[in-house]
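The values are calculated or read from the model by the stated rules, or taken from the named source; none is laboratory data. Just so we're clear, the structure is a prediction, and the values are computed from it rather than from any experiment. Ideal geometry is used to build each Cβ from the backbone, glycine not excepted, and the neighbour counts take in all protein chains shown.
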Amino acid sequence: MIMEYVCGGELFDYIVKHGKLKESDARRFFQQIISGVDYCHRHMVVHRDLKPENLLLDQNLNVKIADFGLSNMMMDGEFLRTSCGSPNYAAPEVISGKLYAGPEVDIWSCGVILYALLCGTLPFDDEHVPTLFRKIKSGIFPIPDYLNKSVVSLLIHMLHDNDASIIDMDAVKIVCEKFGVCDKEVHSALLSGNPHDQLAIAYHLVVDNKRIEDDMAKLDIKDFYVASSPPPAAALLDSPSRQHPERLATTVRQRMLSGGKFDEKIPGMESM
């Protein structure tokens, strides 16, 4: 096998050396990354492990996407479920073991990379992996004052937990029973993006009804307890008292944390 020689090293090392980049420099890198990822998606390939360590630079600082060891082919009407990649760059549906189509998890990772380019740190970070996962699922991250509004808007859209991409299998089963179809037909309808597809409409109606019922149940419990009960101790313990470590530093421990695969090594991550 003959591969292109890339002499500029990893984008990770470039960020470590230069810190947060000027918006114009970050834009140039990001446009190239997104262009390459779009090419992969149009050819039905999802990378699933996008991070600065897997983005190489040539002598002219052009980005080359590397390490497709965790990539997969996307098939129409089928979803992926494998929990893989690197924890700090993984999308909520990946760390939760939920079904996902593919492109959305790469887009999330690109959002984390864009944040790292502009801020020199990671949006979600913690040495305690379960706490890190809770932060990722919350979708809440610090926004520096120096970022302009358009960049902030883009980051919020890319690092938003899109519930529509997480398939509720109970709702799929209900639609299958009502319409006498198989689950793959419902999956295909959801992937088609056709707002007039009757299976997609039925699915979203079922999901909305379930959400309303769940919200009402939570509301009843809250109204019953809130006036007389103090906040649970667990809620207080969940609040971190220390600052976020700056993971983008050149130490062996930090490289392991930002670069580890976690198909089977981290508790709470399902691999199927």
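Any chance you could count how many residues in segment 20-34 are touching a Leu at 6+ places or on another chain (Cβ under 8 Å) and of a type in the set (S, T, N, Q)?
0
On the basis of being hydrophobic (A, V, I, L, M, F, W, C), more than 30 Å from Cys182 (Cα to Cα) and in a loop (DSSP other than H, G, I, E, B), does Leu50 make the cut?
The answer is yes for Leu50.
If Pro123 satisfies every condition in (1) part of a helix (DSSP H, G or I); (2) closer than 23 Å to Ala26 by Cα but one, which is the exception?
Failed condition: (1).
Kindly provide the set of residues from segment 1-24 that are assigned to a helix (DSSP H, G or I) and either free of Cβ contacts under 8 Å to residues at least 40 places away in the same chain or more than 25 Å from Glu104 (Cα to Cα) (or both), ordered by number.
Initially, segment 1-24 is screened for residues assigned to a helix (DSSP H, G or I), giving 11-18, 23-24.
Within segment 1-24, Asp13, Tyr14, Val16, Lys17, His18, Ser24 qualify.
Tell me which residues, restricted to segment 41-50, are on the phi < 0 side of the Ramachandran plot and crowded, with 20+ Cβ neighbours inside 10 Å.
Val46, His47, Asp49, Leu50 - these are the residues of segment 41-50 that are on the phi < 0 side of the Ramachandran plot and crowded, with 20+ Cβ neighbours inside 10 Å.
Filter segment 56-95 down to residues that are surrounded by 20 or more Cβ atoms within 10 Å (Cβ to Cβ) and of a type in the set (Ser, Thr, Tyr) and give me whichever is modelled with the lowest pLDDT.
Going through the qualifying residues, I end up with Ser83.
Only one of (1) in a strand (DSSP E or B); (2) at positive phi is not met by Lys64, so which one is it?
(2)
For the structure I just gave you, tell me whether Tyr5 is surrounded by fewer than 20 Cβ atoms within 10 Å (Cβ to Cβ), in the same structural domain as Leu117 (by TED's automatic domain parsing) and hydroxyl-bearing (Ser, Thr, Tyr).
Spelling it out, it is not the case that Tyr5 is surrounded by fewer than 20 Cβ atoms within 10 Å (Cβ to Cβ), in the same structural domain as Leu117 (by TED's automatic domain parsing) and hydroxyl-bearing (Ser, Thr, Tyr).
Taking the residues in segment 1-23 that are more than 18 Å from Thr121 (Cα to Cα) and small (Gly, Ala, Ser) as candidates, determine which candidate is nearest to the chain's Cα centre (by Cα).
The first filter runs over segment 1-23 and keeps only residues more than 18 Å from Thr121 (Cα to Cα), leaving 1-9.
This time we only want the ones that are small (Gly, Ala, Ser), so: 8-9.
On the way: Gly8: 27, Gly9: 25 Å.
Taking the candidates together, the pick is Gly9.
So is Asp38 of a type in the set (Asp, Glu), surrounded by fewer than 23 Cβ atoms within 10 Å (Cβ to Cβ) and not in a helix (DSSP H, G or I) or not?
No; evaluated as a whole, the condition is false for this residue.
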